[in-house]
Structures are given as structure tokens and as C-alpha cells.
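Participant: I have a structure here, written as C-alpha cells, and I will follow up with some questions on it.
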Amino acid sequence: MRKTKIISIANEKGGVGKTTTTHNLGSALTQLGKRVLVIDLDKQCNLTTLCGGLTGKSICDLIYEECMGRSSTVSEVIRSSDNGLDYIGSSKMLDSINAQIACHADSPYVLKRILSSEEFTKYDYILLDNKPAIDILTQNALNASDGIIIPIEAGLFAFDGIDGLLAKVRSLNATTNPRLKVIGILYNKAEHITEFGRAIDQATKENFGAAMFSTQIPYRKAQTERAISLGTGCVNIRNNTLAEAYLALAGEVIKRS
């Protein structure tokens with residue numbers, strides 16, 4: 001039986017490329033022959049939009065039905081994007097789902113129970129795109145995950161939130177999820193032209209060492225925006241130099257996970 005690997009993409013800091021990473025990594029893993037499902041756990045619904053939009057039920061419905069003790073049909077919630085990437089969309093209702101989870105008798109594991117359904121075992125990878133906050137939903141995602149990828153972005157506040165997130169991983173290791181591991185820290189929008197960019201690159205290597213992915217995603221604004229406008233991953237666009245980077249990242253993820 002296939003062992004599905006569940007990976008959270010998370011960082012408490014916003015604007016570091018969590019959604020872009022989830023979408024492009026999922027697309028790259030699909031290119032490498034893996035069956036991939038991405039799940040949008042952010043009320044902004046950006047990943048949902050990238051994948052093709054919400055039609056019908058969302059992850060909110062699955063969580064609500066689980067909390068109410070009702071059976072749900074997972075196949076009704078999973079959609080397929082034009083580039084072969086499966087996804088479960090989000091909606092604005094996600095803003096109030098924490099209250100539902102908190103009332104559940106097994107509140108730390110609501111999402112884990114959902115993802116334990118046999119219908120999810122057909123996937124090699126399930127990628128969870130998390131909101132920039134460690135609330136009860138994000139903790140559910142981390143409890144359901146085998147690993148976490150932490151994107152960071154070149155900038156003055158590049159390291160904000162990482163120490164707290166790593167502390168949360170250690171806390172979950174000691175309590176609700178001993179198997180959770182940091183798969184890697186991803187340097188997004190890497191900039192080596194300026195002195196400041198080179199300093200950030202050096203600082204990440206000094207602070208996090210082997211936890212850093214060897215692959216860095218370079219800053220290519222026009223190429224990223226074109227992929228977003230087309231609603232597809234960079235690996236599916238000709239002459240997109242980010243494709244090579246995301247394929248290399250996917251290869252590292254496969255090895256590390």
C-alpha cells in the first residue's frame with residue numbers, strides 16, 4: 001500500500017511564498033510522476049484560485065461534518081486542476097472553523113482523522129497550505145503532517161517567526177505528534193546580486209545549516225506573475241527558468257521525506 005506523505009507548508013510570517021511554494025512544488029512533484037493533492041487552509045483562498053476556483057464543497061465542509069460526527073464523501077470535495085494537480089479548496093467560512101474544532105472532543109486531531117480516510121491513500125503527497133498564524137487549525141495541520149517546509153524570503157525580517165515555529169514543532173514532538181519533522185527551510189526570492197541579498201543568504205546558512213534546502217528559488221517576478229495569471233505551475237510553462245528550481249526542490253523533498 002502507498003504511504004501517503006503529508007507535508008505542511010507553514011510560517012507565522014505572511015508574504016513569504018507559502019501558497020506559491022505549495023502550488024509550484026505540487027506541480028513539480030506531479031511532473032516527476034507523483035500523485036499529489038494540495039489543500040487550501042487559508043481563508044484568503046489564493047491556492048484555490050490558482051488551482052481553478054471553488055465549485056461545490058470546500059475543506060470547511062469536511063471539517064464541519066467531521067466535528068458534527070457526520071460521514072462525508074471526500075470525492076465530492078476533491079477537484080482537478082488543468083495541469084493534473086488535485087486540490088481541495090477553501091472558502092471564507094474557514095474564518096470561523098476554529099470554534100468548531102475547539103468544541104470537538106478530539107480537537108487536536110480533527111484534520112488528521114479526515115486525512116486518514118482511505119480515499120486519500122491514492123496520493124503520494126498531500127501538501128497543506130497554511131495561514132500565517134499558529135492557531136488551532138494550523139496546529140491540526142501540523143498534527144496531521146509527517147513533515148513541515150518553512151519558506152522564508154529575503155528581507156530585513158526574513159527570520160521573523162521561524163524560532164517560534166521551530167519551538168512549536170519541538171512542542172508537538174513531545175506531545176501530540178512525535179513523528180513531525182522539519183523537512184527543510186526554503187529560501188524564496190533569493191537575491192544574490194545585492195550585498196544585502198548575499199548577507200541574508202549567508203545568515204540563513206549560518207543559522208540553520210543542514211535544515212536549509214540546497215535549492216533556492218530565485219527572484220523572478222515576471223515569471224511568477226505569468227504563472228499565476230495562467231493559473232498553472234512554473235514547470236508547465238516554456239522558457240520559465242523557475243521550472244528548474246522547483247523541479248530540483250521536488251527532488252530534494254522526495255529524498256528528505
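Participant: If ILE185 satisfies every condition in (1) touching a residue at least 12 places away in the same chain (Cβ under 8 Å); (2) farther than 24 Å from HIS23 by Cβ but one, which is the exception?
Facilitator: Against the list (1) touching a residue at least 12 places away in the same chain (Cβ under 8 Å); (2) farther than 24 Å from HIS23 by Cβ, ILE185 comes up short only on (2).
Participant: So which residues in the stretch 231-257 are surrounded by fewer than 16 Cβ atoms within 10 Å (Cβ to Cβ) and among the polar types (S, T, N, Q)?
Facilitator: Those that are surrounded by fewer than 16 Cβ atoms within 10 Å (Cβ to Cβ) and among the polar types (S, T, N, Q): ASN239, THR241.
Conditions (1) in contact (Cβ under 8 Å) with a residue 60 or more places away in the chain; (2) surrounded by fewer than 16 Cβ atoms within 10 Å (Cβ to Cβ); (3) closer than 26 Å to SER71 by Cβ, marked per residue:
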residue	(1), (2), (3)
ASN83	yes, no, no
ASP86	no, no, yes
GLY89	no, no, yes
ALA105	no, yes, yes
PRO108	yes, no, yes
THR121	yes, yes, yes
LEU127	yes, no, yes
GLN139	no, no, yes
LEU142	yes, no, yes
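Participant: Restricting the search to the stretch 1-50, which residues are surrounded by fewer than 24 Cβ atoms within 10 Å (Cβ to Cβ), at pLDDT below 95, touching a Pro at 6+ places or on another chain (Cβ under 7 Å) and of a type outside the set (Gly, Ala, Ser)?
Facilitator: Listed by number, the residues that qualify are GLU12, LYS13.
Participant: Within the set of pairs 6 or more residues apart or between chains, which connect a residue that is touching a residue at least 12 places away in the same chain (Cβ under 8 Å) and closer than 20 Å to SER257 by Cα inside the stretch 1-20 to a residue that is basic (Lys, Arg) and not in a loop (DSSP other than H, G, I, E, B) with Cβ atoms less than 6 Å apart?
Facilitator: Correct list of pairs: ILE9/LYS18.
Participant: Which one of these does GLY184 not meet: (1) modelled with pLDDT of 95 or more; (2) outside any strand (DSSP E or B)?
Facilitator: The number of the failed condition is (2).
Participant: Can you tell me which residue is nearest to ILE152 (Cα to Cα) among those in the stretch 202-230 that are among the hydroxyl-bearing types (Ser, Thr, Tyr) and surrounded by 15 or more Cβ atoms within 10 Å (Cβ to Cβ)?
Facilitator: THR204
The values are calculated or read from the model by the stated rules, or taken from the named source; none is laboratory data. No experiment lies behind these values; they were computed from the predicted model shown. Cβ atoms come from the backbone with ideal geometry, glycine included; neighbour counts cover every protein chain shown.
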